[in-house]
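The values are calculated or read from the model by the stated rules, or taken from the named source; none is laboratory data. Please read these numbers as outputs of a predicted model, since none were measured by experiment. FYI the Cβ positions are ideal-geometry reconstructions off the backbone, even for glycines, and counts take in every protein chain you see.
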Amino acid sequence: MVKSSSTRTAADVDVEEAVRALRASSRRRQLLDAAVAVMGRTGFHQMSMQALADEAQVSVGLFYKYFGGKEEILYAAIVDILEAFRDQLQPAMDLVGDDPVVRLIAGFREYARIVDENRDAVVLTYRESRTLDATGRERIKELEVETSKPMRQAISDGIEAGVLRDVDADLVVFDLMMIAHGWALKHWHFAPGSDLDGYVDAQLRFALTALIVPERQAEYLDRL
């Protein structure tokens, strides 16, 4: 029996709102995935709204319901991947405890996993972010800095604990992020000879050998 408006409870309203939010989120995800696919094939400037609609199998009008135009779609696609890095990195590192080197390893693995799941979006970010207006570019820079914080903190903590060399934490964390991006940018080269885990293990061994003080290297490298 359908409840009348007078008998609906606050819980009923909360459930309905949650369902609507989930549907909207799923639809937005569908549209962004379609946009990344189209921009990957044609580039941003050649992309048409009709091509986006065809890819997503929706109407052009539905895209305009969620986004104001092509530029807003590009911005949303780039922000989406950066927010995934920002939101998922810290929890993955917190799961492994307090050891700064173990946390750094976990952070890099999680970062690379997100890259792997969003390879087209990562490539798109490199290729098209310069197309954004000044405000959009500044927000992208802010998100990149936010994203780097958990691994940067692990590096700083490792230096303070004496297990990492006295390095520039900011330089190192962005080096590690670039290495992870390499899985997407050069996937055509690395994928035939290695899976993601192999790529990550090789890159970690290379980076940690340079970062960890000599007397502690075996302790951590043997865990890879």
Q) If only one of GLN217, GLN203 is more than 22 Å from ARG127 (Cα to Cα), touching a Ser or Thr at 6+ places or on another chain (Cβ under 7 Å), modelled with pLDDT of 95 or more and among the polar types (S, T, N, Q), which one is it? A) GLN217
Q | Condition check for VAL79: assigned to a helix (DSSP H, G or I), surrounded by 16 or more Cβ atoms within 10 Å (Cβ to Cβ) and either of a type in the set (Asp, Glu) or out of contact with any Pro (no Cβ under 7 Å at 6 or more places or on another chain) (or both) | A | yes
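Each row is one residue, and each column tells you yes or no for (1) touching a helix residue (DSSP H, G or I) at 6+ places or on another chain (Cβ under 7 Å); (2) at pLDDT 90 or above; (3) not acidic (Asp, Glu).
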{"site": "ALA34", "(1), (2), (3)": "yes, yes, yes"}
{"site": "HIS45", "(1), (2), (3)": "no, no, yes"}
{"site": "SER48", "(1), (2), (3)": "no, yes, yes"}
{"site": "TYR64", "(1), (2), (3)": "no, yes, yes"}
Q: Evaluate the following for VAL163: is it buried (at least 16 other Cβ atoms within 10 Å of the Cβ), closer than 20 Å to LEU82 by Cα and not small (Gly, Ala, Ser)?
A: no
Q.
over 22 Å from GLU144 (Cα atoms), under 26 Å from the mean Cα position of the chain (by Cα) and assigned by TED's automatic domain parsing to the domain that holds GLY162: which single residue out of GLY182, GLY198 fits that description?
A. GLY198
Q.
Being among the hydrophobic types (A, V, I, L, M, F, W, C) and exposed (fewer than 13 other Cβ atoms within 10 Å of the Cβ): is that true of ALA202 here?
A. no
Q | Residue satisfying condition, being surrounded by fewer than 17 Cβ atoms within 10 Å (Cβ to Cβ), small (Gly, Ala, Ser) and in a helix (DSSP H, G or I), within set GLY97, GLY68, GLY61 | A | GLY61
Q | Boolean, LEU89 is in contact with a Lys or Arg (Cβ under 9 Å, 6 or more places away or on another chain), closer than 26 Å to LEU211 by Cα and assigned by TED's automatic domain parsing to the domain that holds ALA180 | A | yes
Q. For segment 119-127, does any single residue satisfy the condition of being polar (S, T, N, Q), within 30 Å of PRO214 (Cβ to Cβ) and buried (at least 17 other Cβ atoms within 10 Å of the Cβ)?
A. no
Q. Considering ALA112, ALA56, ALA84, which residue is outside the structural domain of GLU160 (by TED's automatic domain parsing) and small (Gly, Ala, Ser)?
A. ALA56
Q. From the list VAL115, VAL123, VAL167, which residue is touching a residue at least 40 places away in the same chain (Cβ under 8 Å), out of contact with any Asp or Glu (no Cβ under 8 Å at 6 or more places or on another chain) and closer than 23 Å to GLU71 by Cβ?
A. VAL123
